[in-house]
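Okay, structure first, notes after.
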Amino acid sequence: MNSASRTLGAADLAGAHEEGAGLAGLDSAPRQGPPWWRVHGRSLTVVLLVLLVLSPFLWLVQLAFKPAADIFGDSLLFVPTLEGFASLLQGNFLKSFGNSLLVSTLSTGFSLLIGVPAAYALTRWEFKGRDRIALWILVTRMAPPIAFTIPFFLAYQYLGLQDTVIGLAIVYLTFNLAIVIWLMQTFFEAVPASLEEAAWIDGCGVWQAFWRVALPLTAPGLAATAVMCFIFSWNDFFYALILTRTNAITAPVAIVNFLQYEGWEWTKIAASGTLVMFPVIVFTVLVRKYLVRGLMAGGVKD
Amino acid sequence: MTHPTPFGLHRRSLLKTSAALGAASLLPGLPGLAAAQGGAKKFAGVTLNVSTFSATYPKLLQQWLPEFEALTGAKVNFDAPSFPVYNQRVDLELSTRGSAYDVVNVTFIYSSRWINSGWLTPLDDYIRNPNLTSADWDLNDFLPGARAPETGKDGKLYGIPWTAEALLTASSRFDLLEKAGLAFPDTTDDLVKVLRAVHKKERVAGFVADNHYGWTFVPYLHAFGGDVFRKAPDDLFPTLDTPEAIAAGEYYANLLREFGPDGAITYQPDQVTQALKLGRVNFTDAGQLHLAQLGDPATSKTLKTVRFGQVPKGPAGRFPGTAVHGLGIPAGSKNKEAAWAFIQWALSKQTTRKAVAAGYGSPARRSDIDSAEFRQKQVINGSDLAKLSLDAIELASKTGHMKYRTVSVYPQIDQQLNKAIELIASGQLSAKQAFQQAQANSIAELKRAGQKL
């Protein structure tokens, strides 16, 4: 520290001392600073927005733990009970839940298995009608599900695929394939082709270049795509409604079955609704670090 | 491992035999089915696929299936999803003439569509055949008013009713009327007088109804002298823009607007029941099966103040709504004879009596309705729900005013009625505007459906 700075420091200290002396008599006055709403306002707004978004979920969860007699009660205070969840164990809901898991996993797995190489081929290889093929694949997402219901219904009757988990997984494959192919095309486009060309020069075949170079580089996109497929399969109600009866009923249809003719089974609806949210939440949390990167990929062009 | 009994029979075999013998003794009148007849089970090896919507009666049948299986040798897959799920699935299944189901519920609102499209099997030949139907099965024991919606234009029967339900009026807080010195309202004018006197007393709203107005409003439409069609089922020209229909719409929407709780036009059937059970709303019109829940001591807070009556009569009279569901056989079924055996068993006097004993509250057999056992259970706080319901069904049978409900194009008009009442009750349109709009839309919808007007 040089002398100038020391002098300056001393003067500052002296001045500060004088100011301090001057403020000594104002100890009880409020401290100056930004008002509380500026300090905490942003946080408060975020909390309120989050609460607003979460309110239907929170409402559902608290209903799941309410005794049946209090479901329509005025009070928000209640003694939590597990009777809603316990009643699900007595029925077939867990089987439906398992069916949903199986169908969604199978459909997602098969969609990735078929869709990822297809997307790679459509991205990297030039051939006649390439764009048209991609567009036709997208048609399965453009048309409303009802358009495919009757053909599937009749075909499944003939093939004996009605009310089977495999049958339902195949149906979901049709709309998930479009998601996989179109999303993965974007991710493959973001990978420089020169990397795969370098792999070829190093002795890799086309399949090896895809497997060892392109696929690892698109892992975040793959994760994002898998989440999308899983959520779409998990949430489907319409196809499951039409194409299942007893054996392959999925959770969304099982929940609607709690709307009984003489009255709705509210505790079961709330408990099953709460359970149904968890697999998707868990799956999304597990892949969240890939998810953001995957969804952002290709957003900025170099 | 099973242990042999002292007589050399295995425990499971013994149980099966006992069940068969027990069932046979319970159902002496099912010809050709009893194991005693030659020892052979007539439908051994047959798998019957039965589908109904989930309700009390089908649930009881599901419990008792081993009895039928032991008696006939048939195996039964009984599927009972919720009402909307069931209707969607079976409507599609029947329309493709598939053979997936052998027995289905003939849903009231679809009965005309399903019967007149030839998607169901006429049951008359089975009923008349003494080799297939016992003499004491007694078709005539089923209420004529319950058989009517299951009968086609050809006069043949396509479904055997398992439930016959009436739309009745309830007051959850009748004590408020008594305090005001008023009686249960009998007419539409009485109802308004009563509601003016008790609305918001002790924070209880006056009136609410299930927002399926194509069901809850129509008794008022008829009471004011209006109708849905010019003359169902022959002349299906809509009559929603008549002065009577507009007056009924104005009256009914006003009940909801002036005496309803907040959000009255969003109430679903179960919400109506819960609101009345908690005593938050005083009056409603609802089906007997929903209203009976007000008599449940475990969940109803208005058990000691509830009172029931007929829907109010208007200038043109009283026209209670009725709803009937029956069991029928799809045209595509490959096991029709076994399916008939199932229906015969499911709706035999023995089975329906057992259901009544188990607490079933909406039988379609007169012998059940008249039984002391049923009547005793149906009296709630002094009101005899069974009698009210029976009177309503018989009245509907005499006047024939429910014919509007089972014509195949009613669902289109039903939607228009729902919309019209909502538009008036929410103040968006006057009754005249709303009903004229409903009329125009209905005509367009019917033409689109290929209906010649």
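The values are calculated or read from the model by the stated rules, or taken from the named source; none is laboratory data. Owing to the predicted nature of the structure, the values given are computational and were not obtained by experimental measurement. Quick reminder, even Gly has a Cβ in these numbers, built from the backbone with ideal geometry, and neighbours come from all protein chains shown. Accessible surface is based on the protein model in full, side chains and every heavy atom, while ligands, DNA and RNA are left aside. Shrake-Rupley method; radii C 1.70, N 1.55, O 1.52, S 1.80 Å.
Among A:256, A:180, A:103, the largest mean-square fluctuation in a Gaussian network model of chain A, built with springs joining Cα atoms closer than 10 Å, belongs to A:256. In terms of its C-alpha gyration tensor, the stretch B:72-148 has a prolate overall shape, because the principal axis ratio a/c (a ≥ b ≥ c, square roots of the eigenvalues) is not below 1.5 and a/b outweighs b/c. Taking both sides together, the accessible area buried where B meets A is about 2400 Å² for a 1.4 Å probe. Taking every protein chain into account, the accessible area of the protein assembly as shown amounts to 48 square angstrom per residue (probe 1.4 Å).
One Cα centroid belongs to the stretch B:41-75, the other to the stretch B:269-332; the line between them spans 30 Å. Scalar couplings 3J(HN,Hα) for the stretch B:186-202, obtained by applying the Karplus form with A = 6.51, B = -1.76, C = 1.60 to θ = phi - 60°, are 9, 10, 5, 5, 4, 4, 5, 4, 5, 5, 4, 7, 10, 4, 6, 5, 6 Hz; x denotes Gly and Pro. Full extension of the chain between residue A:157 and residue A:285 yields a length gain of 42.2 nm, computed as 0.36 nm times the residue separation minus the alpha carbon distance. For a test of the definition: using alpha carbon positions, the gyration tensor, and the 1.5 limit on a/c, classify chain A as rounded, prolate or oblate. Taking the square roots of the gyration eigenvalues as a ≥ b ≥ c, chain A is oblate. Rounded, prolate or oblate: which one fits the protein assembly as shown, using the alpha carbon gyration tensor with axes a ≥ b ≥ c (rounded when a/c is under 1.5, else prolate when a/b beats b/c, else oblate)? Oblate, since a/c reaches 1.5 and b/c is not below a/b. Once R0 is set to 22 Å, what does the formula 1/(1 + (r/R0)^6) return for the Cβ-Cβ distance between residue A:206 and residue A:127, expressed as a FRET efficiency to the nearest 0.05? Plugging the Cβ-Cβ distance into 1/(1 + (r/R0)^6) gives 0.95. If R0 is 41 Å, the Cβ-Cβ spacing of residue A:147 and residue B:357 corresponds to a FRET efficiency of close to 0.25.
Mind checking which aspartates and glutamates have their C-alpha under 17 Å from residue A:66, skipping anything on the same chain fewer than 8 residues away? Candidates past the 8-residue exclusion: A:74, A:83, A:265. Given a cut-off of under 8 Å on Cα pairs at least six residues apart, what relative contact order in percent is computed for chain B? After rounding, I find 22 percent. Rolling a 1.4 Å probe over the protein heavy atoms leaves residue A:94 with an accessible area of roughly 80 Å². Shown here for the stretch B:327-416: trypsin sites (Lys or Arg not before Pro) in loop regions (DSSP other than H, G, I, E, B) with at most 13 other Cβ atoms within 10 Å, namely B:334. Of A:140, B:72, the residue with the largest accessible area leads and the full order is A:140, B:72 (1.4 Å probe). Backbone amide hydrogens, once placed in the peptide plane, bring residue B:76 within less than 5 Å of B:48, excluding anything fewer than 5 places away on its chain. Counting Cβ atoms of other protein chains within 10 Å of each Cβ in A:150-159 and taking the mean gives 2. Note on residue B:433 and residue B:95: the extension gain reaches 118.0 nm, defined as 0.36 nm multiplied by sequence separation minus the Cα-Cα distance.
When a 1.4 Å probe is rolled over the protein heavy atoms, the share of accessible surface on chain B that falls to carbon and sulfur comes to 51 percent.
Taking chain A as a Gaussian network, where each spring joins two C-alpha atoms under 10 Å apart, which residue of A:160, A:33, A:263 fluctuates the most? Top of the fluctuation ranking is A:33.
Simple spin-label estimate for residue B:387 and residue A:89 gives 4.8 nm between the two label positions (7 Å along the Cα-to-Cβ direction from each Cα).
Give the range of the longest stretch in chain A that excludes all chymotrypsin sites (Phe, Trp or Tyr not before Pro) found in loop regions by DSSP and having at most 15 other beta-carbon atoms within 10 Å. Formally, the longest exposed-site-free interval is A:128-236. A Förster radius of 22 Å, combined with the Cβ-Cβ distance separating residue A:235 from residue A:139, puts the computed FRET efficiency at roughly 0.55. Computed over chain A with a Gaussian network model linking Cα atoms closer than 10 Å, the most mobile of A:45, A:246, A:108 is A:45. Sorting B:69, B:165, B:373, A:189 by solvent-accessible area of protein heavy atoms yields A:189, B:373, B:69, B:165, largest first, with a 1.4 Å probe. Sorting B:151, B:163 by accessible area puts them as B:151, B:163; the probe is 1.4 Å, largest comes first, and only protein heavy atoms count. Residue by residue, the stretch B:220-233 carries 3J(HN,Hα) couplings of 6, 4, 5, 4, 8, x, x, 7, 7, 10, 4, 7, 6, x Hz when phi is fed to the Karplus relation 6.51 cos²θ - 1.76 cosθ + 1.60 (θ = phi - 60°); x denotes Gly or Pro. In this structure, the amide hydrogen of residue B:327, modeled 1.01 Å from its nitrogen in the peptide plane, lies closer than 5 angstrom to those of B:106, B:160, B:162, counting only residues at least 5 positions away or on a different chain. For the pair residue A:36 and residue B:190, label points projected 7 Å from Cα toward Cβ lie 6.1 nm apart. Please list, in chain and number order, the residues 5+ apart from residue B:207 or on another chain whose amide H is under 5 Å from its amide H, with Hs placed from the backbone. Under 5 Å from the amide H of residue B:207 lie the amide H atoms of B:260, B:282, B:283, each far enough along the sequence or on another chain.
Note on A:250-262: average number of Cβ atoms from other chains within 10 Å of each residue's Cβ is 6.
May I ask you to give the percent of accessible area on the stretch A:122-191 that is carbon plus sulfur, with a probe radius of 1.4 Å? Roughly 71 percent, rounded to a whole number. Taking each residue as 0.36 nm, the span from residue B:131 to residue B:212 lengthens on full extension beyond its C-alpha to C-alpha distance by 24.7 nm. Label sites at residue A:78 and residue B:398, each approximated as a point 7 angstrom past Cα along Cα to Cβ, lie 4.7 nm apart. Taken residue by residue and averaged, Cβ atoms of other chains lying within 10 Å of the Cβ of B:268-274 number 4. Measuring against 21 Å, Cα to Cα, the residue pairs B:193/B:304; B:41/B:336; B:231/B:452 contain B:193/B:304 as the ones spanning a longer distance. Annotation: the antiparallel percentage among DSSP beta bridges lying fully within the protein assembly as shown is about 75. In the complete set of protein chains, residue-level accessible area for residue A:288 is approximately 150 Å², probe 1.4 angstrom. Only protein atoms count toward the accessible area here, which uses a 1.4 Å probe; on the stretch A:39-96, the carbon and sulfur part of that area reaches 74 percent.
Phi angles across the stretch A:98-111 convert, under the Karplus curve 6.51 cos²θ - 1.76 cosθ + 1.60 with θ = phi - 60°, into 3J(HN,Hα) values of x, 4, 4, 4, 5, 4, 5, 5, 4, 5, 5, x, 5, 4 Hz, Gly and Pro given as x.
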